[in-house]
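Working notes for the structure below.
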Amino acid sequence: MDTESQHENYCALCQCSIKENTLFTDLSEGQLDNFKDVIVFSTFSKRDVILLEGDLVEGLYVVRSGRVKLVRGSIKGKEQIIKILGPGDILGFEIFYGADYYTNTAIAMEDCELCYIRKADFFSIVDRDSGVAKKLILSLGRELNEAYGRIGNLGLLNAREKMAHLLASLAGEYGLALGDGRIRLNLTLSRLEIAELLGITQETSIRLLKGFKEEGIISIKRKEIIIISLKKLMEIAGIEAIE
């Protein structure tokens with residue numbers, strides 16, 4: 001959540017605000033020089049496709065600004081949002097396990113800037129510098145831990161609990177405190193995108209959000225969601241409050 005207790009972290013390469021323990025924090029000047037020689041800055045407009053499921057794996061991106069959604073399609077034509085990526089997140093993990101093709105489609109949710117590094121250039125730097133490899137391990141470990149958490153939530157929670165968990169999680173990551181305990185989600189999601197994040201139907205998503213609104217837990221104005229009672233959401237989701 002965007003409160004005074006949250007620590008600001010910056011990418012040492014381009015000085016953008018990013019999450020903690022991401023690839024480009026705390027690198028030495030020499031390490032930065034290695035990346036400056038090979039990195040390419042790219043811009044994408046809202047709804048632009050950054051990479052497509054099935055494209056040949058040629059490199060990785062690091063989100064510099066804006067947000068990107070990772071989407072995976074099914075043989076039945078349905079789509080599931082795998083994750084929403086923000087500044088500091090890596091896009092193109094397929095290069096780390098030798099995949100030939102990207103397994104997800106990445107779409108800009110808003111105007112974005114990304115740092116692109118070719119696969120060969122990246123591994124050349126990793127081979128030369130164990131410090132970069134250590135940072136990579138931390139990033140991969142964080143991603144794996146988050147994936148385990150998402151899988152666990154999908155398997156153990158019912159639809160109402162999943163929705164409460166998602167809203168509480170988004171409040172922690174994208175919330176802006178408004179006072180009186182209210183939190184505005186600084187992230188615009190359609191009802192369909194919320195449904196795709198949870199693996200439920202759009203109709204169920206609409207019904208659950210309407211129920212939370214009627215209970216006074218949230219308020220909704222078009223696509224803007226304001227959380228009135230984070231405590232109640234956490235209780236529904238079975239999340240323990242951190243003192």
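The values are calculated or read from the model by the stated rules, or taken from the named source; none is laboratory data. Fair warning: this is a prediction, and the values are worked out from it, not measured in the lab. When we count neighbours, we look across all protein chains shown, and the Cβ atoms used for this are built from the backbone with ideal geometry, even at glycine. Note: areas computed on protein heavy atoms with side chains; ligands, DNA, RNA excluded. Shrake-Rupley method; radii C 1.70, N 1.55, O 1.52, S 1.80 Å.
Candidates Ile117, Ile95: the one that is in contact (Cβ under 8 Å) with a residue 60 or more places away in the chain and not acidic (Asp, Glu) is Ile117. Scanning the stretch 62-101 for residues that are open to solvent by less than 30 Å² (accessible area, probe 1.4 Å) and more than 15 Å from Leu197 (Cβ to Cβ) yields a total of 11. Residues of the stretch 104-142 that are surrounded by 15 or more Cβ atoms within 10 Å (Cβ to Cβ) and of a type in the set (D, E, K, R): Glu113, Arg118, Lys119, Asp121, Asp129, Lys135, Arg142. In the stretch 211-225, the residue that is nearest to Ser190 (Cα to Cα) out of those that are in contact with a Lys or Arg (Cβ under 9 Å, 6 or more places away or on another chain) and assigned to a loop (DSSP other than H, G, I, E, B) is Lys223. For the stretch 154-170, the tally of residues that are open to solvent by 30 Å² or more (accessible area, probe 1.4 Å), under 16 Å from the mean Cα position of the chain (by Cα) and farther than 19 Å from Pro87 by Cα stands at 1. Checking the structure you have, find out if any residue of the stretch 171-191 is in contact with a helix residue (DSSP H, G or I) (Cβ under 7 Å, 6 or more places away or on another chain), open to solvent by less than 30 Å² (accessible area, probe 1.4 Å), under 27 Å from Lys78 (Cβ atoms) and assigned to a helix (DSSP H, G or I). Checked the stretch 171-191: no residue is in contact with a helix residue (DSSP H, G or I) (Cβ under 7 Å, 6 or more places away or on another chain), open to solvent by less than 30 Å² (accessible area, probe 1.4 Å), under 27 Å from Lys78 (Cβ atoms) and assigned to a helix (DSSP H, G or I). Of the strands (runs of 3 or more DSSP E) contained entirely in the stretch 52-136, those carrying at least 3 residues that are over 27 Å from Leu170 (Cβ atoms) fall at 112-118.
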